[in-house]
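The values are calculated or read from the model by the stated rules, or taken from the named source; none is laboratory data. Everything numeric in this text was worked out from a predicted model, so none of it was measured. Cβ sites come from the backbone with ideal geometry, for glycine too, and all protein chains shown count toward neighbours.
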Amino acid sequence: MFKQLLLLIFLFSSSHLTAHVFTFKDQPGDEYVIRTYSLQELLINNELRGITDLKYEGRLKVLSNTKSGAKISGEYLYYSKPHLSSRGYRLENKRHTSSQFIRRSNGKMNIGSHVFFPVVRHVPTFPKRSLQIGDSWVAPGEEAQDLRKFGLSEPYIFPFKGHYRYVRDETFRGKDCAVFEVMYILNHNNQRPFGKSSLVLPARVMGYFKGYYYWDKKEGLPIYYEGDYDFIYVLMNGTVLEFKGIEYGDVRK
């Protein structure tokens, strides 16, 4: 009986000590469809102005593998509709939807500052070491916001530190997945001159995102994520915009 108990303890402990090196496994010819949904509240000076149902769709293809990483190209589409509306989604961006970037196997991206999509970049980024359940790490990331309606012709990009934790393993949609907790907090002061239209552009951005990524170990990519966010933009004219909500998305290969 004692030996059986020791064996059970050993097996239980071993399952929690299994380490894994996580990498993106992009191969030439791979194609992905990414769909993200968000229910977003907009507050202006602390007054609720509306709730919008948002949808983002990306269609990407791996063109080649280079010394720098996988060369990926595609397009992103952005749709919206009023919350609880019976109408279908309306396409919002009819121009400048194309994207091209290099992604290293660890998730770090090389992408031009003029490219609007993807909005969240370098997430997830993995360390070079092997990881086991309970491990945590920090890696830099970026958000690129589209503020063309405010007069800014290029993406408004701000950096953040992504905090990651390997939470558990789980069978999700029939796949052997690792589940990662992802969180980042923003507190970014703008030091970039915008020109004549600067009064309606951000002087400061604050907020957070917290969510979970489901990583397909075999395919080497995230297949689902969910999370919540709350971002506050203090504009140069004193107006305070707040965007908060919940979102989820998946990747189909």
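Taking the range 121-154 as the range and being closer than 24 Å to GLY74 by Cβ and either in contact with a His (Cβ under 7 Å, 6 or more places away or on another chain) or modelled with pLDDT of 95 or more (or both) as the test, the residues that pass are ARG121, HIS122, VAL123, PRO124, THR125, PHE126, ALA139, PRO140, GLY141, GLU142, GLU154.
Conditions tested, residue by residue: (1) at pLDDT 95 or above; (2) in contact with a His (Cβ under 8 Å, 6 or more places away or on another chain); (3) not hydrophobic (A, V, I, L, M, F, W, C).
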site	(1), (2), (3)
TYR156	no, no, yes
LYS210	yes, no, yes
LYS217	yes, yes, yes
GLY245	yes, no, yes
ASP250	yes, no, yes
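Residues in the range 205-250 that are out of contact with any Leu (no Cβ under 6 Å at 6 or more places or on another chain), outside any strand (DSSP E or B) and not hydroxyl-bearing (Ser, Thr, Tyr): LYS217, LYS218, GLU219, GLY220, GLY238. Looking across TYR79, TYR32, one residue alone is of a type in the set (Phe, Trp, Tyr), in contact with a Gly (Cβ under 8 Å, 6 or more places away or on another chain) and assigned to a strand (DSSP E or B). It is TYR32. Counting the residues of the range 67-108 that are of a type in the set (A, V, I, L, M), modelled with pLDDT of 90 or more and more than 14 Å from PRO28 (Cα to Cα) gives 1. Summed over the range 161-185, the residues that are surrounded by 15 or more Cβ atoms within 10 Å (Cβ to Cβ), within 27 Å of GLY207 (Cα to Cα), charged (D, E, K, R) and over 13 Å from the mean Cα position of the chain (by Cα) give a count of 1. Residue check: SER64 meets all listed conditions (1) polar (S, T, N, Q); (2) within 21 Å of TYR229 (Cβ to Cβ); (3) touching a Lys or Arg at 6+ places or on another chain (Cβ under 6 Å) but one, namely (2). Out of curiosity, is PRO127 in a loop (DSSP other than H, G, I, E, B), within 14 Å of the chain's Cα centre (by Cα) and at negative phi? No, not satisfied.
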